[in-house]
1. Considering amide H positions built from the backbone, and no H for Pro or chain starts, which residues 5 or more places from residue 220, or on another chain, come under 5 Å of its amide H?
2. Could I have the simple spin-label model distance between residue 338 and residue 93, label points 7 Å from Cα toward Cβ, reported in nm to one decimal?
3. Scan around residue 257 for amide H atoms under 5 Å from its own, H built in the peptide plane at 1.01 Å from N, and keep only partners 5 or more places away or cross-chain.
4. At a Förster radius of 25 Å, what calculated FRET efficiency corresponds to the Cβ-Cβ distance of residue 39 and residue 305, to the nearest 0.05?
5. With each pseudo-label sitting 7 Å past Cα toward Cβ, what's the residue 214-residue 162 distance in nm, one decimal?
6. Through the Karplus equation 6.51 cos²θ - 1.76 cosθ + 1.60, θ set to phi - 60°, convert the phi angles of region 77-83 into ³J(HN,Hα) values in whole Hz; use x for Gly and Pro.
7. Accessible area of region 27-131 with a 1.4 Å probe: how many percent of it is carbon plus sulfur?
Amino acid sequence: MSRYGSTAGINMDRGGFGQSAISGRNYAVIFDGVSVGGAVNAYAAQQFTQYTLDYLSSNDEMLSTVSPDIIGQEIFLQASRTKSEPHLRQKADGGSATGAVVWSVPGKEGQVEIRGAAIGDSAVIVVELLQGRAIQLNGVDRIQGLGTSDSGGQIAIGLGVVGSISGFRCTTDALHCLVLLATDGLTDNLASLDAIPLIISSTYFNQSRLPGWESTDLPTCQQLTRILEPESQCGHDSVHPKSAEGDCGPGQAVCGREELRTVSCQSAVLRLSNYVEWVTHQRAMHELQYFQIELRCHELMRTAARGSEGMMSEEAQGADAEQDGGGTAAEIESLHAEMRRLQERKTQKRTSGKTDDAMVVALTPYNCVHPLMESHHLVNGGRLS
């Protein structure tokens with residue numbers, strides 16, 4: 001919601017990436033604080049991320065010799081036993097998160113093995129750039145019938161691992177693949193993983209604040225193909241992408257296609273981020289309007305409470321309270337009525353997408369230049385590549 005000017009709430013997603021000074025392998029991690037419980041889960045996600053990055057940095061040899069299932073179990077279990085630093089004002093004790101970790105192991109004849117582990121609905125996805133396909137490597141063990149409302153597992157400080165850990169390994173072309181780690185803020189907004197190659201190769205999604213997707217359902221691959229078809233192929237004068245029905249609409253957004261094999265990590269993350277904003281635009285604007293009214297109500301109620309405690313004479317207090325208090329009460333009632341109207345409209349008019357924190361980490365298995373020193377980077381919410 002921060003893109004629309006809202007300062008309410010806290011981003012629950014944390015992630016980071018690094019490169020080994022020993023092997024040159026790249027590694028990455030992502031955690032998503034669960035929604036129930038509030039900010040403590042964001043602090044837990046931050047703590048889990050820092051622990052995991054430190055673990056990957058100091059255990060390079062083990063990453064090549066030990067099963068990813070065993071390493072995943074070790075990382076997630078030990079992360080759940082970490083303690084908050086005494087000097088920190090915000091404590092992570094009791095917080096929980098879903099998460100995923102990934103690293104690479106060299107293979108034969110230009111191949112590389114992508115290894116890692118995940119718990120819950122965080123996803124590790126390999127995009128094979130020459131074949132034009134995306135494959136999710138980890139499984140999500142959800143309770144049958146609950147769908148995406150069940151995270152499929154999590155780790156919690158003080159409680160350990162809740163649910164099953166999904167370890168994985170996948171052999172692919174070392175020079176023609178991207179590895180994506182994503183929270184459910186991305187995956188829940190995709191009709192299928194097949195949409196990812198279309199999105200990350202479309203220059204239309206280089207731009208933010210695009211006209212929003214207007215359907216009540218997430219766009220299918222067929223719809224995305226029609227919408228994002230370059231101007232040179234669609235035969236229309238406008239440079240705005242065509243609608244799902246095939247007609248170009250007004251606008252200045254350039255619609256083009258980049259060869260998938262040339263897509264960089266930075267471009268992939270940028271385009272996926274802008275896609276999520278595009279597909280959830282209607283829902284996000286509706287929710288932002290609701291939250292702004294709700295915040296205004298709280299502000300008025302706090303102001304009224306402070307005014308009633310002011311140092312006024314009994315006579316003045318009675319006169320002013322009747323006049324001002326009546327106006328404030330009327331405004332609060334009007335705002336409550338508007339909130340009810342918005343809720344009714346939300347029920348009657350379904351919108352596509354899921355407004356949630358979203359984070360994507362994109363990396364290649366190895367950098368071309370061997371690093372001179374070990375380093376890793378931690379990001380507090382948002383997108384990174």
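The values are calculated or read from the model by the stated rules, or taken from the named source; none is laboratory data. The structure presented is a predicted model; accordingly, all values stated were derived computationally and were not measured. Cβ placement follows ideal geometry from the backbone for every residue including glycine, while neighbour counts extend to all protein chains displayed. Accessible surface areas use protein heavy atoms only, side chains included; no ligands, DNA or RNA. Shrake-Rupley method; radii C 1.70, N 1.55, O 1.52, S 1.80 Å.
1. Here nothing satisfies the definition.
2. If labels sit at residue 338 and residue 93, their model points lie 4.3 nm apart.
3. 203
4. Working: r = 24 Å, r/R0 = 0.97.
Once the sixth-power term is evaluated, E becomes 0.55.
5. 4.3 nm
6. Residue by residue, region 77-83 yields 5, 5, 4, 5, 9, 5, 10 Hz.
7. Details: 2110 of 4110 Å².
The nonpolar share, carbon plus sulfur, comes to 51 percent.
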